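Below: the structure, in structure tokens.
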Amino acid sequence: MSAYEKAMRPEDITRLFVERSNAGDAAGVAALYEEGAVMAYPPGVLTVGQEAIRELWEKVLANRLRFEPEQPLPTLVSDGIALTSTPPRDGSGARAQVVRRQPDGSWLRLLDQPEFAPPSL
């Protein structure tokens, strides 16, 4: 997986996710995650590990979904860990990821919560 462009800023991961997803590249999407990453998707389920994330994205991308970039919220960074987030265009809640700086200076997702529903009042 080292042939893929690396995210050199935490915010790069979202752009690379959109590019790779729209290309139908599940392995490329999985390469954005650490080996032991945890993804809270599908809703109510934890998908654990880069290989399981790749398998999940193979199924999702088989439907030929099209993703559009979303405007990120400000990134919080502290000591090699960052929190990235975006509000979905449809206003359906939020997305948040914890990413970690790798020894080569690139960033990978460690925790991914792709869907937060807005709180019910």
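Observations on the model:
- Of all the residues in segment 35-56, those that are surrounded by fewer than 16 Cβ atoms within 10 Å (Cβ to Cβ) and either among the small types (Gly, Ala, Ser) or modelled with pLDDT of 95 or more (or both) number 7.
- Qualifying residue in segment 68-81 (condition: open to solvent by less than 30 Å² (accessible area, probe 1.4 Å), among the small types (Gly, Ala, Ser) and touching a residue at least 40 places away in the same chain (Cβ under 8 Å)): no
- Verdict on Glu5 being touching a helix residue (DSSP H, G or I) at 6+ places or on another chain (Cβ under 9 Å), over 15 Å from Asp112 (Cα atoms) and in a loop (DSSP other than H, G, I, E, B): yes
- Once segment 1-34 is narrowed to residues that are open to solvent by 90 Å² or more (accessible area, probe 1.4 Å) and touching a residue at least 60 places away in the same chain (Cβ under 8 Å), the residue that is nearest to Pro74 (Cα to Cα) is Arg9.
- Single condition Ser85 does not satisfy, out of (1) free of Cβ contacts under 8 Å to residues at least 40 places away in the same chain; (2) loosely packed, with under 10 Cβ neighbours inside 10 Å: (2)
- Cβ-Cβ under 8 Å pairs, at least 6 apart or on other chains, segment 103-115 side touching a residue at least 60 places away in the same chain (Cβ under 8 Å) and in a loop (DSSP other than H, G, I, E, B), far side buried (at least 16 other Cβ atoms within 10 Å of the Cβ) and not β-branched (Val, Ile, Thr): Asp104/Lys6; Ser106/Lys6; Ser106/Ala7
The values are calculated or read from the model by the stated rules, or taken from the named source; none is laboratory data. Only a predicted model underlies this, so the values are computations on that prediction, with no experimental measurement involved. Virtual Cβ from ideal backbone geometry, glycine too; neighbours counted across all protein chains shown. Heads up: the accessible areas ignore ligands, DNA and RNA and are worked out on the full protein's heavy atoms, side chains in. Shrake-Rupley method; radii C 1.70, N 1.55, O 1.52, S 1.80 Å.
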